[in-house]
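Written out below as structure tokens is the structure these notes cover.
The values are calculated or read from the model by the stated rules, or taken from the named source; none is laboratory data. None of the values given here were measured: they were computed from a predicted structure. FYI the Cβ positions are ideal-geometry reconstructions off the backbone, even for glycines, and counts take in every protein chain you see. Quick note on the areas: whole protein, heavy atoms, side chains included, nothing else; ligands and nucleic acids left out. Shrake-Rupley method; radii C 1.70, N 1.55, O 1.52, S 1.80 Å.
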Amino acid sequence: MTLQKQTKQKLIFALGVTVVLVLLALLALSGGNFDLLKSLFTEDLSNEELITQLKGFGWRGYIVISALAALQVVCTFFPAEPVQVLAGFTFGFPVGLLCCMAGVLLGSTLIYMLQNIFGDRLRGYFIKKLNLDLEKIARSGKAVLFIFILYFLPAIPYGMICFFAASMGMPYRRYIAVMMLGALPSVCIGVSLGYMTIASNWVVTVCIFAVLIIAVTVMFIKKDVLFAKLNSYAAAPKKAQPTKVRDVNGFVMGVVYYAARAYLFLCGVRIKAVSKVGAPEMPSLILCNHGSFIDFIYAAALLRKFKPNFIVARLYFYHNILCWLLRTVGAFPKSMFAADLENAKNCLTVLKEKNCLAMMPEARLSTAGRFEDIQDSTHAFIKKAGVSVYTVKIHGDYFADPKWGRGFRRGAVVEAELDILFTAEQVRSLTPEQVKHAVEQRLYYDEFDWLEQRPNIRYRSGNIAEGLENILSVCPLCNKKHTLSTKGSKVFCEHCGYLTSLDDRYGFTGDFRFKNLLEWYDWQKSLFEAEIAENADYSLSSEVELRLPGNGRSLTRHGGYGVCTLNRSGLTYSGTMDGEAAELHFSVQRIYRLLFGAGENFEIYDGTQILYFVPEEKRSAVDWYMASMILHDEAARAAE
């Protein structure tokens, strides 16, 4: 932007502020208020008479004070204290405080709106003079505490603090609560000083003013030292989450289980749990298939009295409250499809202490209602553990709440069965290949085959097809990608129009090419396999937002922007990470599968840190999953 254009914009802004101030002055002095204000200086009034006269400003005065308070928030060069003192002087403490806080509410809301409209350009403009590493503060997990501290530091207008807080992506309710609570102490002080000017001895007021001025002056002189200490505090490493496996709290597990069962009942989901064995021999390993996000609840219907320690994706431990709950019920984290020494030690600890270790060896939700493969390292672990192995086979969980779906389906039936697979002696006598064959044969499932044998089950949902476009990315009529959409039970293509509908048994209606979504998904995967096989230079690329482990209040946080590329050499991210240039590469051998959220993201773990990529076309997340699977398996076959 040229200097001339910048000067013009500043003049227009200054003119606008001047016009607002003039209009506020005219409002304040209308309705006889000018004569009232004149009397304050021409008549000899006692304190009581002065207070009575000031209260005569009425509703116009309330509006003006509130508007000025809002203006000093938005226009960061306006000091707050004069408005607050004027409010206390004019209306007394309670009413003056309410007027000022109403202005803070309005001004903070306007800033939140401006930040959401104009983004970081405004934030950068308003905070560029602060000697604070705000990026580190935002990542520290202590941002709210810093916001409260900033309200007490000199020479930092409310507006700058508001822009910083708004840029952190807080929900409005949380943002406005923090802003109001942060501003309240200083507003109370300012309004109190104004009120004391007319309600107390002037000597007391002058002394208090003098003390405050001295304190502010000292803080202003030492502000760089204060800022340096804040930066140091923000840069201090977060306290590491405990890694030791906790004993299962049976009471909390029971509360969570029965609360979930009650919710499922209200959602119209029935659970049928059957055990073919008595209590599992301890120590033992429990393997469960994984068609639904809440398979832990279905498994708990059979296992909770044995207090199993579940392995859970590390992502869910990044949130403080969720982490506490998971650890309280004995769960511990795993970086999925990545080397994780901490998890391996915890698994061995559970078995060494003769407890029950439960896992979902597929390590991701089923995409289309059929068994997903298992890493060979899992079979090797089963062999090494040398303990009795049991399985919880679950059916109907995928249809009750599919990976891509939006809510539970009424009429769903979920069946769970506990049975023994190997005794400890059998595990020790079998080869790893025999273990693999037996495990995958037992856990294999096809939800559509299961449903065929249960003709009475019907699923009721007003949005039963919505979300299918997030796992079915290719139109079978025009072969175009990411043109599909859904509404209610209907499936559309933006080029071909209406395609088909999904009935109450997850079948496609009409004379459609595929009987169900599994057939469509398999066809789609075959297209990807052919495309990759025929193209030696195959590459999948997208602009992405990088998200990193959350700061305790959320699972993930913004980490940067860049470009992801997946080809035969692996996955490469080139962009920014926490404000610095970064280039990351993961070989195709290292990538067993890219995990993905349907219509949301694809992700990979690097040690204990998740790299969570949100592609520009969110419906393409499933493409990254399929491509990573095909490329990895191709590389594995070539290495044999």
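Kirkwood Rh, segment 344-478, all Cα pairs: how many Å?
17.2 Å
Before anything else, pin down the relative contact order of segment 260-360: Cα pairs under 8 Å, at least 6 apart, normalised by residue count, whole percent.
39 percent
At 1.4 Å probe size, what's the solvent-accessible area of Met196? Round to the nearest 10 Å².
40 Å²
Please list, ordered by chain and number, the residues whose modelled amide H lies under 5 Å from the amide H of Arg410; skip anything fewer than 5 residues away on the same chain.
Arg460
Show Glu362, Glu617 ordered by accessible area, largest first, where the area counts protein heavy atoms only and the probe is 1.4 Å. Walk me through the numbers on the way to the answer.
Values: Glu362 0, Glu617 65 Å².
The ranking, largest first, comes out as Glu617, Glu362.
Note down the magnitude of the dipole of segment 441-546 about its Cα centre, charges +1 on Lys and Arg C-beta and -1 on Asp and Glu C-beta and zero elsewhere, to the nearest 20 debye. List each step's numbers first, then the result.
On the way: 12 positive and 18 negative charges, 112 e Å.
The dipole magnitude comes to about 540 debye.
Sorted by packing (mean other beta-carbon atoms within 10 Å per residue), highest first, where do 382-390, 423-431 land?
On the way: 382-390: 20.3, 423-431: 13.6.
The most tightly packed comes first, giving 382-390, 423-431.
Under 15 Å from a point 7 Å along the Cα-to-Cβ line of Met282: which residues of segment 383-426 have their amide N that close?
388
Report the dimensions of segment 596-640 along its three principal axes from the alpha-carbon atoms, largest first, rounded to Å.
Taking the Cα atoms of segment 596-640, the three principal extents are 35, 26, 13 Å.
Points 7 angstrom from Cα along the Cβ direction at Lys244 and Glu519: gap in nanometres?
Output for this residue pair reads 5.7 nm.
For the pairs Lys244/Lys276; Lys307/Lys345; Lys334/Lys481, flag any whose C-alpha to C-alpha distance is greater than 29 Å.
Lys244/Lys276; Lys334/Lys481
For Ser539 and Gln434 in the same chain, what is the full-extension length gain: residue separation times 0.36 nm, less their Cα-Cα distance, in nm? Walk me through the numbers before you get to the answer.
Working: separation 105, 0.36 × 105 = 37.80 nm, distance 3.66 nm.
Between Ser539 and Gln434, full extension yields an extra 34.1 nm.
Could you compute Rg(Cα) / (2.2 N^0.38 Å) for segment 477-599, with N its residue count?
Relative to the rule-of-thumb radius for its length, segment 477-599 sits at 1.37.
If you place +1 on the Cβ of every Lys and Arg, -1 on the Cβ of every Asp and Glu, and leave all else neutral, what size is the dipole of segment 269-316 about its Cα centre, to the nearest 20 Debye?
For segment 269-316, the charge dipole is close to 160 debye.
May I ask you to order 529-537, 266-274, 544-552 by the average number of other C-beta atoms within 10 Å around their residues, highest value first?
Going by the mean number of other Cβ atoms within 10 Å, highest first, we get 544-552, 266-274, 529-537.
Between Phe602, Ala638, Val614, whose Cα lies farthest towards the positive end of the dipole of segment 579-640 when Lys and Arg beta carbons carry +1 and Asp and Glu beta carbons carry -1, centred on the Cα centre?
Ala638
Report relative contact order for segment 421-534 in percent, whole number only (criteria: Cα-Cα under 8 Å, sequence separation at least 6).
Over segment 421-534, the number comes to 16 percent.
Assuming 0.36 nm per residue, please report the length gained on full extension of the stretch Leu477 to Ser569 beyond their Cα-Cα distance.
Here the answer is 29.8 nm.
Accessible area, 1.4 Å probe, largest first: how do Val187, Val277 sort?
Most to least solvent-accessible, the answer reads Val277, Val187.
Can you give me the distance in nm between label points at Glu425 and Phe93, each placed 7 Å from the Cα along the Cα-to-Cβ direction?
8.3 nm
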